Amino acid sequence: MGVGIEVSELNAWYGSNHTLQNINLRIPANHATALIGPSGCGKSTFVRCLNRMHETNPVGRVTGSVLIGQLDIYTQASPVEIRRRVGMVFQRPNPFPTMSIYDNVASGLRLNGYRNRVVLDEVVQRSLEQAALWEEVKDDLKKKSGASLSGGQQQRLCIARALAVDPEVMLMDEPASALDPVSTAKIEDLIFQLKSQYTIVIVTHNMQQAARVAENTGFFLNGRLVEFDATHKIFTNPRDKRTEDYITGRFG
Amino acid sequence: MAARELRAPRRLRSSNRIRRMLANHLATTAAVASTILVMAPLVAIFFYLLYKGASSLNLAFFTRPPAPVGETGGGMGNAILGSAILLGIASALGVPIGIAAGIYVAEFGRGGRLANTIRFTADVLNGVPSIVMGVSVYALIVLPQKHFSAFSGGVALGIMMIPTITRTTEEMLLMVPLSVREAALGLGVPRWRSVLSITLRTASPGVITGCMLAFARVAGETAPLLFTAFGNQFWSTSINQPIAALPLQIFVYATSPYDDWHRLAWAGSLVLILLIVVSVGLVRYVAGRGVLRGAS
């Protein structure tokens, strides 16, 4: 089951560059939440703060608090524990190139010490089914490398890999921006189905995509959260002038 | 002005096509010629060794120790075994230390003072003449132990393997894309685990190549063994005794005044090169067996 996310007073820096400024936001459980905004507005940095990936950058720094469920991820847990509970799908498909399809999906569990074959088999099949990839790869699971799949298949493989460790939250950083329209539609269908079980946060450049998959949408600009509301309100009746300018295509 | 602009493309089309074809053929010829130049020495050496050494190769060569001067027959069986033992000790020492140092420099200490010191040391160590390595190990191990030994020879060769392996491991790890590292971290995999199981595994073809380069280089070294392994006319498998090695045996035989021994030296050189080719090929085959369809 997914859990809600509560962000308060979040600030993030790259070196001396203040990338995120005073973000306050409540992301409801078991919904999809879209984050939109022009390039460089901080939305990617924001999702990377939700699983403590931002601090893997040598010059990255974060202050403020992020509650995932009841857990304050910056004070009450290690980054490694957090990332098991908060899965992430990246902009470019990044399967492990030397691993088979099966090993890619099983990697999260295996690298954390699970060895039971029966359980692994089950998890791999269930995750690939959830990611709508099972039918396409079930005959080549251990024969083919993850890197041999098409771009769209690779991205669904990455989604399956993230699902296999059974996270509560899924972060997606422009998961379809490197894909063709057909693959994009498949990923969107997937998000639609997954949000009954997971809390999904999706960064997107594509406003139609936000409108299609997300109940709530946040608009970022220059490191600040300008507006956060139900998606239909953001797109039909935004409160802020800057939001309106952005979604009507006046800049960005 | 306008007329020139119009005429220029037409001229380009006709005369440039010939020029481009010429340039193309010229470049191709140059590339092929360079390839032949690169391969010529190796092929020449190999065939000359075959010509000089193949006739002395027989079963006895592989199974017998050297015969005393004046007697015919005898072989280099003990030297082949000795080389295998020496290289085994060297690899057991050089490969793990070299790879571990490479991992530290590329992953954990990147940009730090210790990492830069290791990199600098490795580069200097790479340039240390092999005879100096032999003398140093002589002073460090042979003198305190008061006897020559296979162990000291293996250590000398192992130290020579380290810098090459460290530097290639570092280079290969740095080539693994950030996206692959982030994928592992994003799954909640601890850093050390992701470095060993993901980054190092992704870089493994290059790392193995580095190890093979180091191996092939020290397999033919004579100088570091002169003061350490020393050589031995008899069978020995003890790491505490002086031991024979192919390059040493070749050195001794080739500088001897006997025709018989010269022929054995040629055969030994041929066997040494074949052994290097076979072991490099074997490691490549074993390492390549696990590669999947479509793996990049």
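Among the listed residues B:187, B:213, B:200, B:225, identify the single one that is surrounded by fewer than 24 Cβ atoms within 10 Å (Cβ to Cβ), over 13 Å from the mean Cα position of the chain (by Cα) and among the hydrophobic types (A, V, I, L, M, F, W, C).
Of the residues listed, the single one that is surrounded by fewer than 24 Cβ atoms within 10 Å (Cβ to Cβ), over 13 Å from the mean Cα position of the chain (by Cα) and among the hydrophobic types (A, V, I, L, M, F, W, C) is B:200.
Considering (1) within 14 Å of another protein chain (Cβ to nearest Cβ); (2) modelled with pLDDT of 90 or more, the lone condition that residue A:58 does not fulfil carries the number (2). Can you pull out the residues in region B:202-250 that are more than 21 Å from residue B:277 (Cβ to Cβ) and of a type in the set (Phe, Trp, Tyr)? The answer is B:227, B:230, B:234, B:235.
Quick one: count up the residues across region B:34-62 that are assigned to a helix (DSSP H, G or I) and over 26 Å from the mean Cα position of the chain (by Cα).
4
When we screen A:82, A:101, A:73 for residues that are over 10 Å from residue A:165 (Cβ atoms), without any contact (Cβ under 8 Å) to a residue 40 or more places away in the chain and in contact with a helix residue (DSSP H, G or I) (Cβ under 7 Å, 6 or more places away or on another chain), the only hit is A:73.
Condition check for residue B:126 on (1) over 28 Å from residue A:45 (Cα atoms); (2) among the polar types (S, T, N, Q); (3) touching a residue at least 24 places away in the same chain (Cβ under 8 Å); (4) crowded, with 16+ Cβ neighbours inside 10 Å: one failure, at (4). Residue check: residue A:67 meets all listed conditions (1) over 22 Å from residue A:109 (Cα atoms); (2) away from chain B (no Cβ under 14 Å); (3) in a loop (DSSP other than H, G, I, E, B) but one, namely (3).
Would it be correct to say that residue A:68 is over 17 Å from residue A:166 (Cβ atoms), touching a helix residue (DSSP H, G or I) at 6+ places or on another chain (Cβ under 9 Å) and not charged (D, E, K, R)?
On the way: over 17 Å from residue A:166 (Cβ atoms): no; touching a helix residue (DSSP H, G or I) at 6+ places or on another chain (Cβ under 9 Å): yes; not charged (D, E, K, R): yes.
So residue A:68 fails the test.
Taking the criterion of being in contact with a strand residue (DSSP E or B) (Cβ under 6 Å, 6 or more places away or on another chain) and either free of Cβ contacts under 8 Å to residues at least 40 places away in the same chain or part of a loop (DSSP other than H, G, I, E, B) (or both), the only residue of region A:5-26 that qualifies is A:26.
The values are calculated or read from the model by the stated rules, or taken from the named source; none is laboratory data. Here the structure is a predicted model, which means the values were calculated and not measured. Counting neighbours? That spans all protein chains shown, and the Cβs are built from the backbone with ideal geometry, glycine included.
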